[in-house]
Amino acid sequence: IIDVFVVIIGFFQSIIILFEKKPDLIFSKSGYVSVPLVFAAKLFGVSVVVHESDLMPSLSTRIILPYIKRLAVAFPLKNYPRNIVKKAFYSGIPLRREFDDKRNVREKFILIMGGSSGAVDLNSDFFKIAEDVLKKHNVVHITGKNDFKRAREFRNTLQKALAENYEIFSYSENLDELIR
């Protein structure tokens, strides 16, 4: 319920920004913060290009799709439904140079991270297979703030050798290092 009011407030904030800046084109990352901006841009007649990083387009992307000019997608177009492909072009996932820096690369490990509501399901699925995975691999798991306690409790149930292969964080400021 609160999100509805946040979107309304964001819409009026976007109107003010667009009135002041008068952009010719807006590039936005998909997500709930893009919804009020796209609606305000439509009101001003400003074209919007959005980047969707996920294979399954988010709810916000599906909501704004009729109002945007183009949709840059992370994966080849054949992976998306027809209604997405009509406005989409394949761009891949743009990453900062830090992600490609080969210095200080950690030894091989599996990085598990999920965002938003997907993190809890992803975490639960990992817990089901964790013992088998941890026998062979080191795992770094970014659980999300809401699920960190559960992951810590799960790690405490593991045998010592397996627990040593399992590093957990609620959040990380160093994603470029972890992904690299």
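The values are calculated or read from the model by the stated rules, or taken from the named source; none is laboratory data. In this text the structure is predicted, and so the values were computed from the model without any measurement. Positions of Cβ are backbone-derived with ideal geometry, glycine not excepted, and every protein chain shown enters the neighbour counts. Note: areas computed on protein heavy atoms with side chains; ligands, DNA, RNA excluded. Shrake-Rupley method; radii C 1.70, N 1.55, O 1.52, S 1.80 Å.
Any idea what the relative contact order of the chain is, in percent, if you count C-alpha pairs under 8 Å spaced at least 6 apart?
Normalised by residue count, the contact order of the chain is 14 percent.
Rounded if a/c is under 1.5, else prolate if a/b beats b/c, else oblate: with a ≥ b ≥ c from the C-alpha gyration tensor eigenvalues square-rooted, which is the chain?
prolate
In terms of Cα to Cα distance under 23 Å, which lysines are near enough to LYS29, apart from those fewer than 8 places away along the same chain?
LYS21, LYS42, LYS69, LYS78, LYS86, LYS87, LYS145
Near the amide H of SER47, under 5 Å away, which other amide H atoms are found, from residues 5 or more places off or on another chain, if H is placed in the peptide plane?
For SER47, the qualifying residues are ILE26.
Each label point is 7 Å from the Cα along the Cα-to-Cβ direction; what then is the distance between the points at LYS108 and LEU77, in nm?
Spacing of the two 7 Å Cα→Cβ label points: 3.6 nm.
Helix 34-44: angle to the longest alpha-carbon principal axis of the chain, degrees 0 to 90, nearest 10?
Orientation of helix 34-44: about 10 degrees from the principal axis.
What is the helix-to-structure angle for 2-21, meaning the angle in degrees between its Cα long axis and the longest Cα principal axis of the chain, kept from 0 to 90 and rounded to the nearest 10?
Taking Cα atoms only, the helix is inclined about 50 degrees.
In the stretch 150-180, which GluC sites (Glu not before Pro) are in a loop and have at most 12 other Cβ atoms within 10 Å, using DSSP for the loop call?
Listed in order of number, the matching sites are GLU173.
Applying 1/(1 + (r/R0)^6) with R0 = 35 Å to the Cβ-Cβ distance of HIS137 and SER91, what FRET efficiency is obtained, to the nearest 0.05?
So, using R0 = 35 Å, E works out to roughly 0.65.
Sort VAL85, VAL49 from largest to smallest accessible area, using a 1.4 Å probe on the heavy atoms of the protein chains.
Sorted by accessible area, descending: VAL85, VAL49.
Specify whether the C-alpha gyration tensor of the stretch 119-180 places it in the rounded, prolate or oblate class, a ≥ b ≥ c being the square roots of the eigenvalues: rounded for a/c under 1.5, otherwise prolate if a/b is larger than b/c and oblate if not.
Oblate.
For labels at SER172 and LYS21 in the simple 7 Å Cα→Cβ model, what's the distance in nm?
Computed distance between label sites SER172 and LYS21 equals 3.1 nm.
Taking Cα centroids, how far is the stretch 64-78 from the stretch 135-167 in Å?
First find each Cα centre; the distance between them is then 36 Å.
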